């Protein structure tokens, strides 16, 4: 009996040690550590710009619908060009592509900042800059997603993806907080300038990577039909199609917080720029916690994705119902935590299940589902929030996410039953 008890305790200790290792495993690799640091700086700048841009649009237009249209314009290129961008991601060196996209992002942000500080900024200029950012992001997004596995390998992919979400959402805490203070003290313009400077950090990191430690994917030779090939590959593999279709639903109607949160802060709770930034930061703070938990404990599966979607939807219903600003901050943080478990699980599932030479195209479709759906969802949620209130816009997203969870559960069960059926 004693021996059995000792063995059990040893097994528990081993499991705990594995959990601790998994939480920091990808950061033990120098290349990923450098990349991680660069992303911290760059993502903080990106969130500063997003907050500044949303606030600037509301200042000029006084319209939630216009804010939704600006977001739609920024993500419209992903909807139409995303799948084609995935083909180029599979063809070319991802590190060099990222150096190019980061440089272009910095130029656009710098020009926008100069226009605002010079006092000549107009709404159409914001539309143009948003569209340019969207075109660049069409290449950048699938390239960044597919580059992670080249940095860390398959064994640390889930950990690295989760830590990437920690970076992005840690920046969601830091960036809006800094942006709110800068807007209050100096106006929106300096946020764009600081974002332009932040891209330099990523470029430096990409130049300093140890090329001998990278695990580059096999690049495909250019030929006709590779775009159609990517679509056929995804639709013929249910383990890819189900997460992608869930992302379409959730990405279209739930991940429109850049629209619903500013309207919730201003129209529902009658707060100013500082409170808006704090509410956005609360979402990011929760997402950081969720990202760390995902990095330490989550073992990706379709079942985990379905569960995360269901809880995510329920948390959004809680956001819609919160009676006070203080309670809204708490529920928003919880929503951020579970939303990142959903996001990182979907991302990792797709990268693990996809064939190496198809990964760029699969992640481009992920980008279309997550960001490319914004041109449809952002104006819709903006219109709903403007005319019926920010709570209703969030409520719609919560219901949609619960329906996505139900769809994923139903399709996964059908797939399991089909696999268990005896062959004729």
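The values are calculated or read from the model by the stated rules, or taken from the named source; none is laboratory data. A quick note: this is a predicted structure, and the numbers were derived from the prediction, not measured. Glycine also receives a Cβ, built like all others from the backbone with ideal geometry; neighbour counts cover every protein chain displayed.
Scan region 124-144 for residues that are farther than 18 Å from residue 199 by Cβ and at pLDDT below 90 and report the count.
Residues meeting the conditions: 1.
If only one of 352, 392, 384 is in a helix (DSSP H, G or I), buried (at least 23 other Cβ atoms within 10 Å of the Cβ) and either at pLDDT 85 or above or within 21 Å of the chain's Cα centre (by Cα) (or both), which one is it? Steps first, answer last, please.
Numbers: 352 fails: buried (at least 23 other Cβ atoms within 10 Å of the Cβ); 392 fails: buried (at least 23 other Cβ atoms within 10 Å of the Cβ).
After ruling out the rest, the residue left standing is 384.
Residues are listed down the side, and each one gets a yes or a no for (1) in contact with a helix residue (DSSP H, G or I) (Cβ under 9 Å, 6 or more places away or on another chain); (2) modelled with pLDDT under 90; (3) under 27 Å from residue 222 (Cα atoms):
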{"position": "75", "(1), (2), (3)": "yes, yes, yes"}
{"position": "82", "(1), (2), (3)": "yes, yes, yes"}
{"position": "86", "(1), (2), (3)": "yes, yes, yes"}
{"position": "91", "(1), (2), (3)": "yes, yes, yes"}
{"position": "100", "(1), (2), (3)": "yes, no, yes"}
{"position": "103", "(1), (2), (3)": "yes, no, yes"}
{"position": "106", "(1), (2), (3)": "yes, no, no"}
{"position": "110", "(1), (2), (3)": "yes, no, no"}
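This table checks each residue for (1) over 22 Å from residue 85 (Cα atoms); (2) in contact (Cβ under 8 Å) with a residue 60 or more places away in the chain; (3) assigned to a helix (DSSP H, G or I).
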position: 245; (1), (2), (3): no, yes, yes
position: 275; (1), (2), (3): yes, no, yes
position: 284; (1), (2), (3): yes, yes, yes
position: 290; (1), (2), (3): yes, yes, yes
position: 296; (1), (2), (3): yes, yes, yes
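Checking residue 223 against (1) closer than 22 Å to residue 87 by Cβ; (2) modelled with pLDDT of 85 or more; (3) surrounded by fewer than 24 Cβ atoms within 10 Å (Cβ to Cβ), only one condition comes out false. Which one?
Unmet condition: (2).
Would you mind telling me which numbered condition in (1) assigned to a helix (DSSP H, G or I); (2) more than 17 Å from the chain's Cα centre (by Cα) residue 335 fails?
(2)
Please find, among 201, 179, 222, 241, the residue that is under 18 Å from residue 364 (Cα atoms) and under 24 Å from the mean Cα position of the chain (by Cα).
Details: 201 fails: under 18 Å from residue 364 (Cα atoms); 179 fails: under 18 Å from residue 364 (Cα atoms); 222 fails: under 24 Å from the mean Cα position of the chain (by Cα).
Every option except 241 fails the conditions.
Within region 130-165, track down each residue that is in contact (Cβ under 8 Å) with a residue 40 or more places away in the chain and within 24 Å of residue 69 (Cα to Cα).
Within region 130-165, 130, 131, 133, 134, 135, 137, 138, 139, 140, 141, 142 qualify.
Does residue 161 fit the bill of being more than 22 Å from residue 356 (Cα to Cα), under 15 Å from the mean Cα position of the chain (by Cα) and at pLDDT below 85? I'd like the intermediate steps shown before the answer.
Numbers: more than 22 Å from residue 356 (Cα to Cα): no; under 15 Å from the mean Cα position of the chain (by Cα): yes; at pLDDT below 85: yes.
Judged against the criteria, residue 161 is not a match.
Return the total of residues in region 213-228 being assigned to a helix (DSSP H, G or I) and in contact (Cβ under 8 Å) with a residue 24 or more places away in the chain.
Step one: list which residues in region 213-228 are assigned to a helix (DSSP H, G or I), which gives 213, 226-228.
Now drop any that are not in contact (Cβ under 8 Å) with a residue 24 or more places away in the chain, which leaves 213, 226-227.
Matching residues across region 213-228 total 3.
Could you check, for region 322-330, whether at least one of its residues is under 26 Å from residue 409 (Cβ atoms) and in contact (Cβ under 8 Å) with a residue 40 or more places away in the chain?
no
Take residue 206 and decide whether it is within 30 Å of residue 295 (Cβ to Cβ) and part of a helix (DSSP H, G or I).
It is true that residue 206 is within 30 Å of residue 295 (Cβ to Cβ) and part of a helix (DSSP H, G or I).
Just name the residue that is surrounded by the fewest Cβ atoms within 10 Å (Cβ to Cβ) out of those in region 320-332 that are out of contact with any helix residue (DSSP H, G or I) (no Cβ under 6 Å at 6 or more places or on another chain) and assigned to a helix (DSSP H, G or I). Talk me through it step by step, then tell me what you get.
Initially, region 320-332 is screened for residues out of contact with any helix residue (DSSP H, G or I) (no Cβ under 6 Å at 6 or more places or on another chain), giving 321, 323-328, 330.
Then drop every residue that is not assigned to a helix (DSSP H, G or I), which leaves 321, 325-328, 330.
Details: 321: 14, 325: 16, 326: 9, 327: 13, 328: 25, 330: 15.
Restricting to residues being out of contact with any helix residue (DSSP H, G or I) (no Cβ under 6 Å at 6 or more places or on another chain) and assigned to a helix (DSSP H, G or I), the top hit is 326.
For region 70-96, what are the residues that are over 18 Å from the mean Cα position of the chain (by Cα) and buried (at least 23 other Cβ atoms within 10 Å of the Cβ)?
70, 89, 90, 94, listed by residue number.
Given the criteria crowded, with 24+ Cβ neighbours inside 10 Å and assigned to a helix (DSSP H, G or I), does residue 402 qualify?
Values: crowded, with 24+ Cβ neighbours inside 10 Å: no; assigned to a helix (DSSP H, G or I): yes.
Criteria not met by residue 402.
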